[in-house]
Structures are given as structure tokens and as C-alpha cells.
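Readers should treat all values here as calculations from the given coordinates under stated rules, not as data from a laboratory. Since the structure is predicted, the reported quantities are computational estimates derived from the model, not experimental observations. Here the Cβ positions follow ideal geometry from the backbone for every residue, glycine too, while neighbour counts run over all protein chains shown.
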Amino acid sequence: MTLQKPPELFGRREAIAAVESLVGRVRDGHGGALVLTAPPGLGRTALVEYARGICGTVPSVQAAGPARLAVYGEDRPRLVCADDVHRWDAASRSALAADLRRMPGPAPVAVLLTVAEHRVGADEFAGLATLRLGPLDDG
């Protein structure tokens, strides 16, 4: 397995801490989910790349489209990243939201997904751990 070097991020202390916490949970054998929301251009994709870069020996999967979370677990820790979920069709977003609300399941799967603010689908993930990215901070 080739380890990916995480991108260097500036001005995202809170977001980096949240992503590191999620990755730490899956390393410890627990599942979880984090939804990152922000207007376009504020770093959602960079944080997904950061998460994939710090997961170490935990396999990470970039979900390019809808799939049930059960196919990703296989009873081993796994990080599933889904960027720009607002672009998925409504049925797929609803299925993903339902899967996330049923977590934790038997497999330690951590899910990091991004949704553009004020886009179709942003409210479907209400009630899940969500971090809204704002302007860059000083760190």
C-alpha cells in the first residue's frame, strides 16, 4: 500500500482537528461520520485529501458515486470519503443519509463527506456531526 502524503493546510485548525478525530476513531476500531459544508472554493476537497493522507494503514476509499456503506466495511477499519455529495441524485443522497443515521454498524467505517452550502441536498444530512467551513483562521 502506498501512503499518500497529506497536503499542508493553513487556516483550518478546527477543521483539521475534527478530521483528525474522525480518522483517530476509525484507527481505534470505531465508526463515525463528519459532514463538511462550505460555499465553493473554501477547502472542502483539500480536507478530504488531508484525511486520506493521514489515515496511515487504514484503507481509504474515495466514493465517486452512491453505494451502500456496508460494501465498504468488510469487518476492517476503513475511511470512506465522498466529496460534493450535493451532486448525487436525491435517492442516492437519501440512502446515504439513512445509512449514516444507522451507524455505527458492525464494521468500523468512518465517513467524511462534503456538501456545498445552499445546494440541493445540504439539509438531508441535518442531525449528523457537521462542520461549516468559514473564512480561513490564523492557524
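Odds and ends about this structure:
- Segment ASP89-THR130, extension gain: residue separation times 0.36 nm, minus the distance between their alpha carbons: 12.7 nm
- Long-range HN-HN contacts of ALA82 with modeled amide H, under 5 Å: ALA63, LEU112, LEU113, THR114
- Under the simplified labelling scheme, the ARG13-ASP137 pair shows an inter-label distance of 0.5 nm, with each label point 7 Å from Cα along Cα→Cβ.
- Estimated distance in nm for a label pair at ASP28 and ASP123, the labels positioned 7 Å out from Cα along Cα-to-Cβ: 3.5
- Exposure proxy for VAL109, VAL26: other Cβ atoms within 10 Å of each Cβ, ordered fewest to most, give VAL26, VAL109.
- Near the amide H of ARG132, within less than 5 Å, lie the amide hydrogens of THR37, all on another chain or at least 5 residues away, with H placed in the peptide plane.
- Close amide H partners of ALA33, meaning residues 5 or more places away or on another chain with modelled amide H under 5 Å apart, are VAL111.
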